[in-house]
């Protein structure tokens with residue numbers, strides 16, 4: 001399974017990268033995040049626990065995962081490897097690329113072989129978890145952070 005979410009943000013790259021890397025502030029900035037907390041801090045990242053909801057009309061489906069996180073400021077990348085939860089083994093890369101002084105391209109790529117479920121592993125990942133849950137949450141996260149950064153940087 002591979003999902004790609006991409007957005008052009010009308011703001012400089014550095015504040016967008018800072019917003020992407022500052023995961024502990026996501027719940028105050030993004031209504032669909034229930035909590036984000038570091039269970040272990042390390043220089044440049046650590047083990048981070050995240051919980052969000054995926055809305056389906058009036059209903060909200062709760063999701064939770066724990067990831068090893070690395071922040072790479074020179075490359076403007078934030079990387080994750082999911083270590084607990086249904087998406088264990090998923091690799092995630094946020095890339096923040098300047099396209100001009102006031103324009104930034106942000107791409108989130110999720111790759112995963114699927115849950116450890118015999119026979120339905122690939123269909124579950126490619127037909128449900130990836131397009132419905134991963135894309136549904138990642139696209140909201142990216143759009144929400146873009147709104148925050150654009151509002152702060154005109």
Scanning segment 47-65 residue by residue, the ones that are closer than 23 Å to residue 107 by Cβ and free of Cβ contacts under 8 Å to residues at least 60 places away in the same chain total 3
For segment 113-154, the count of residues that are assigned to a loop (DSSP other than H, G, I, E, B) and surrounded by 13 or more Cβ atoms within 10 Å (Cβ to Cβ) equals 3
Restricting segment 85-112 to residues that are free of Cβ contacts under 8 Å to residues at least 24 places away in the same chain and part of a strand (DSSP E or B), the one surrounded by the fewest Cβ atoms within 10 Å (Cβ to Cβ) turns out to be 100
query: Is it the case that residue 20 is touching a strand residue (DSSP E or B) at 6+ places or on another chain (Cβ under 9 Å), touching a residue at least 60 places away in the same chain (Cβ under 8 Å) and assigned to a loop (DSSP other than H, G, I, E, B)?
result: no
Of the residues in segment 68-88, those that are touching a strand residue (DSSP E or B) at 6+ places or on another chain (Cβ under 6 Å) and at pLDDT below 95 come to 85, 87, 88
Only one of (1) part of a strand (DSSP E or B); (2) touching a residue at least 12 places away in the same chain (Cβ under 8 Å); (3) farther than 18 Å from residue 93 by Cα does not apply to residue 81, and that is (3)
Those residues of segment 1-24 which are within 22 Å of residue 85 (Cα to Cα), surrounded by 15 or more Cβ atoms within 10 Å (Cβ to Cβ) and touching a helix residue (DSSP H, G or I) at 6+ places or on another chain (Cβ under 9 Å) amount to 1, 3, 5, 20
Among the residues of segment 52-60, are any in contact with a helix residue (DSSP H, G or I) (Cβ under 7 Å, 6 or more places away or on another chain) and either farther than 22 Å from residue 112 by Cβ or assigned to a strand (DSSP E or B) (or both)? yes
Exactly one of 62, 58 is in contact with a strand residue (DSSP E or B) (Cβ under 8 Å, 6 or more places away or on another chain), loosely packed, with under 15 Cβ neighbours inside 10 Å and either closer than 28 Å to residue 128 by Cα or modelled with pLDDT of 95 or more (or both), and that residue is 62
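The values are calculated or read from the model by the stated rules, or taken from the named source; none is laboratory data. Here the structure is a predicted model, which is why all the values come from computation and not from measurement. Because the Cβ atoms are built from the backbone with ideal geometry, glycine has one as well, and the counts that use them run over all protein chains shown.
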